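Accompanying notes for the structure given below.
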Amino acid sequence: MTTVTAEEAAARLLIRAQEAYDGVVGDPRRFGPVAAGLVAEARRAGDREALVVALRALAWAARARRENGQALRLLDEAVRLAHRAGLTRRLPELLVTRAAVVLELGRVAACVRDLDRAARGDGRPPPAVEFMRAVLLHNLGRLEPAAASYRRVLADPAATLDNRGSAANNLALVAAAAGRFDESLRHLDHAEELAAGIGPSLYAFAAHNRGLVLAQSGRPAEGLAELDRAAQLFAGTDVPLGEYAMEHADVLAELRLLPEAREVAARAAAELDAQGVGLLAAEARLTVAQAALLAGEACVARAVAAEAEQQFRRQRRTAWAARATVLGAQAALEQGTADVPVLRRAARAAGVLDRSGTPSAAAAAHLTAGRLAEQLDRPRVARRCYGAARDRSRHGPVLLRVRGRLAAARAERLAGRDDAVLRHCRAGLADLARHRAALGSTELRALASGHGVELGRLGLETLLRSGSPLRVLGWMERTRAAALLTAEPPAPDGLPADLAELRLVHAELAQALRETGQEPPDLRARQAAAEARIRRRTWQRSGSGGGPAPVCTAAELRRRLDGRALASLAAVGGELVAVVLHAGRSRLVRLGPAEPVRFECDSVLFALRRLTRPARPAAAAAARAAAEHGVRRLADLLVRPLGLPPDVALVVVPEAATHRVPWSALHPGPVGVAPSAALWARTTVRPRAAAPAVLVAGPRLPGAVAEVGALRLLHERPAVLTGGAATVAATTEALAGAALAHLACHGRLRADNPSFSALELADGRLTVHELDRRGLAPARVVLAACDAAADTALAGGELLGFVGALLARGTAGVVASPVALADAESLGLMVELHRGLAAGRSAADALHAARATLDTADPRQYVNWCAVTAYGAG
């Protein structure tokens, strides 16, 4: 029998403790319990060196879980033991590890002290000290010195594998911050190669950073997919996700997914605060402030940015404090409370960010300083700041170039060079079109147009001074419904599991409604989770990269109008203007303030909703009077100033605040509405006549069954789906290639998530997302459903909803209402509408004739007369 000496046992214990530390670095979930067992074993054995090494391993496992308080206590004990035992060769590694922990706690001075003690001695510091100094410099915003240290670690054969892997990972972030994205991705490739010898944690870190770099470099769909992959890899570790959620929120904010960004950032900040990770909590707070500012909550943004700035200054992180200063200045600008001291602070912050080597942050700072100077009537200072912003954005990713063009356009406006303003605005919007083309999601493409709002406004203000109606109309078209003009090819076979789950939940919700009249909270939660998964997967679809949509010239538009008049509206500086094309002439009409129009529109819609509900006679009479008054006022504000003959057919292209105006009720002649003139022109193609009509009646609407029964007599061999036959699958199959579709269903408006606005069918819901994903676009569609035309207007002249999705996919004409419709009272209108459609009339002409047959003395018939609207030219 072999006897193990005490020295051999001690050596083995020390080896196992070191192996536990090496294992914890790459896989804390697996090796954390091993380290805990070795701490206990070393205590029993009285082996101080093994205990010191095991404590370090256990502390690193705690640090990986963001339990930095516990990690610090363990490391303090280990440092004391090493001092008492004279373990001088162990002290540097303990001090470096403790420096990492106190840095995350936001205690920069303590981190510096530990690193200085660890580096004592002659010559070059050990690789571990060099690496940790690089991390410190990186977090202080001193990127180039940090990069130099990371490179020395990578080149040092004495550096540990985990130091080299982490150095490659972090060096990728430095390169990305400087706009060197190809270099950044090469470093991440190297980090993943090294991760094979370290463990799953580094794989997850590298995947996460790759997602950030791809998103920042103008490949957002790929970036989101990689971030999801990283989340799955993190699930196999014990690493808390607060830091990574915070960085994910930055990507979501750049994609203008603002509610999602705010929720993720707030959750990350709360988690990091609870864990005491002050370094990262301050960064998360800045992300919260940024999301609040983009959402229009300047007061919240300013307060949170000030709090973050104080934290950064306590942590001696000058570059990060400068970012917070700039964000606070942006909020002051939005509030209208900016003054000269705010300008000076912003200008100093821009200088700090210039020196930090982060061109994107520096460009944003100079742009903010320029805006402040312009508002404070300091044009020379403003032009200098705008020039600096433009210089720092010339060679950056696409959205940085868009902001640079905005800075250049503002500078040229101050110089009075209108042609140069328009040149920069056109170039910026062209860059934005390239960004949109990289996105395969209709939702993301529509949201992306928000990045071009100010460029669009600057160009429009410039052209309005020229007085040329056709140039103004051309510019309006450049900034309107661009996402709808470049629809991506259908993707009917994607997301099968998630869509199946959503359909199952919809079916269970429908059954619960039938049985109890309520939707159980657990089913609503499952629905929300399924929708979130579908949206995330859809966001990850890359665009086909097609060029900008074809332009419809004024001559071509006049030809297609064929005697109709067109009025295209825009809001500029709180005023509404319209370009009118009619009878071979073009005119620019200034309609007046936008606010009275918004007020009257809201009042009319409220009154119309009241008229569809049972009420006492006095209340019904008051609602009717309010609706009639509002309709007259809207006609006076929006239509009469156009100076058109009363019987001329009118095409209206509304701006955001007027999309829900009941346009049919404002003009005596036929009225058609469209998101843009170009989209309307595209719908003038004659509808398919050979395909059958599809008539669908949804559940819980007795009037819908009667309606479909009456309509089937007007069409030759229509496809009729009622009762249990009106399923989602049967309906979508029937809609493909249909010449005319009539869907009489309950409508479910989702202003919070327009892609999931839906029509209720026998076994679930047909959503906007499903229509778009399948590319379903019957030639003409009648949506006899509540709120079916209540598309959500987004910044940048975009729309999300049923009407927009159908027109984008090729439907020539849609008839729908932006408010609720009474069930039985719409039968007469729908029968007359279908008579006109069957006779070959356009949707606008058929609806105009059908409205003339209504008895408007009946309150609900009056609602139909006002609210039902034709969209498109077909």
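Check the range 674-683 and report whether any residue there is open to solvent by 30 Å² or more (accessible area, probe 1.4 Å), modelled with pLDDT under 95, in a loop (DSSP other than H, G, I, E, B) and hydroxyl-bearing (Ser, Thr, Tyr). No, the range 674-683 has no match at all. Of the helices (runs of 4 or more DSSP H) contained entirely in the range 181-300, those carrying at least 3 residues that are over 30 Å from Leu432 (Cα atoms) fall at 181-195, 200-216, 220-234, 258-274, 278-294. Residues in the range 195-220 that are crowded, with 21+ Cβ neighbours inside 10 Å and hydrophobic (A, V, I, L, M, F, W, C): Ala195, Ile198, Leu202, Ala204, Phe205, Ala206, Ala207, Leu212, Val213, Leu214, Ala215.
Suppose we filter Ala795, Ala777 for residues that are farther than 19 Å from Ala873 by Cα and among the hydrophobic types (A, V, I, L, M, F, W, C); which single one remains? Spell out how you get there, then give the answer.
Working: Ala777 fails: farther than 19 Å from Ala873 by Cα.
Just a single option satisfies the conditions, and that option is Ala795.
Which of the numbered conditions does Arg478 fail, given that it passes all the others? Conditions: (1) surrounded by 19 or more Cβ atoms within 10 Å (Cβ to Cβ); (2) modelled with pLDDT under 95; (3) over 19 Å from Leu588 (Cα atoms). The one condition Arg478 does not meet is (3). Just to check your reading of the model, which residue among Ala785, Ala793 is in contact with a His (Cβ under 7 Å, 6 or more places away or on another chain) and either surrounded by 24 or more Cβ atoms within 10 Å (Cβ to Cβ) or within 14 Å of Thr731 (Cβ to Cβ) (or both)? Sole residue among the options that is in contact with a His (Cβ under 7 Å, 6 or more places away or on another chain) and either surrounded by 24 or more Cβ atoms within 10 Å (Cβ to Cβ) or within 14 Å of Thr731 (Cβ to Cβ) (or both): Ala785.
Here the strands (runs of 3 or more DSSP E) wholly within the range 567-662 that include at least 1 residues being open to solvent by 20 Å² or more (accessible area, probe 1.4 Å) and touching a Leu at 6+ places or on another chain (Cβ under 9 Å) are 575-582, 585-593.
Just checking: which of the strands (runs of 3 or more DSSP E) contained wholly in the range 757-874 hold 2 or more residues that are at pLDDT 95 or above?
In the range 757-874, the matching strands (runs of 3 or more DSSP E) lie at 780-784, 813-816, 869-872.
Scanning the range 558-584 for residues that are without any contact (Cβ under 8 Å) to a residue 24 or more places away in the chain and either touching a Phe, Trp or Tyr at 6+ places or on another chain (Cβ under 7 Å) or closer than 18 Å to Arg640 by Cβ (or both) returns Glu575, Ala583.
So, Ala346, is that one touching a Lys or Arg at 6+ places or on another chain (Cβ under 8 Å), part of a helix (DSSP H, G or I) and open to solvent by less than 20 Å² (accessible area, probe 1.4 Å) or not? Here the answer is no, as Ala346 does not meet what is asked.
Look at Arg120 and say whether it is open to solvent by 10 Å² or more (accessible area, probe 1.4 Å) and part of a loop (DSSP other than H, G, I, E, B). Yes; evaluated as a whole, the condition is true for this residue. Residues in the range 254-273 include at least one that is touching a strand residue (DSSP E or B) at 6+ places or on another chain (Cβ under 9 Å) and not basic (Lys, Arg).
Residues satisfying the criterion are present in the range 707-730 (criterion: closer than 16 Å to Phe802 by Cβ and part of a helix (DSSP H, G or I)). For the range 364-373, indicate whether the set of residues that are open to solvent by 10 Å² or more (accessible area, probe 1.4 Å) and either out of contact with any Lys or Arg (no Cβ under 8 Å at 6 or more places or on another chain) or at pLDDT below 95 (or both) is non-empty. Among the residues of the range 364-373, not one is open to solvent by 10 Å² or more (accessible area, probe 1.4 Å) and either out of contact with any Lys or Arg (no Cβ under 8 Å at 6 or more places or on another chain) or at pLDDT below 95 (or both), which makes the answer no. Open to solvent by less than 30 Å² (accessible area, probe 1.4 Å) and charged (D, E, K, R), is that true of Glu707? Spelling it out, Glu707 is indeed open to solvent by less than 30 Å² (accessible area, probe 1.4 Å) and charged (D, E, K, R). Quick check on Ala507: is it surrounded by 14 or more Cβ atoms within 10 Å (Cβ to Cβ) and either under 20 Å from Gly764 (Cβ atoms) or in contact with a strand residue (DSSP E or B) (Cβ under 8 Å, 6 or more places away or on another chain) (or both)? Here the answer is yes, as Ala507 does meet what is asked.
Kindly establish whether Val264 is crowded, with 22+ Cβ neighbours inside 10 Å, of a type in the set (A, V, I, L, M, F, W, C) and without any contact (Cβ under 8 Å) to a residue 24 or more places away in the chain. The answer is yes for Val264. Among residues of the range 79-94 that are on the phi < 0 side of the Ramachandran plot and at pLDDT below 95, those with a beta-carbon under 6 Å from a residue that is surrounded by 13 or more Cβ atoms within 10 Å (Cβ to Cβ) and of a type in the set (Asp, Glu) at least six positions away or on a different chain give the pairs Leu87/Glu49. Annotation for the range 727-740: at least one member residue is surrounded by 24 or more Cβ atoms within 10 Å (Cβ to Cβ) and free of Cβ contacts under 8 Å to residues at least 40 places away in the same chain.
The values are calculated or read from the model by the stated rules, or taken from the named source; none is laboratory data. All figures in this text were calculated on a predicted structure; none of them were measured in a lab. All Cβ positions, even for glycine, are placed from backbone atoms using ideal geometry, and neighbour counts span all protein chains on display. Protein only, heavy atoms only, side chains kept; ligands, DNA and RNA dropped before computing areas. Shrake-Rupley method; radii C 1.70, N 1.55, O 1.52, S 1.80 Å.
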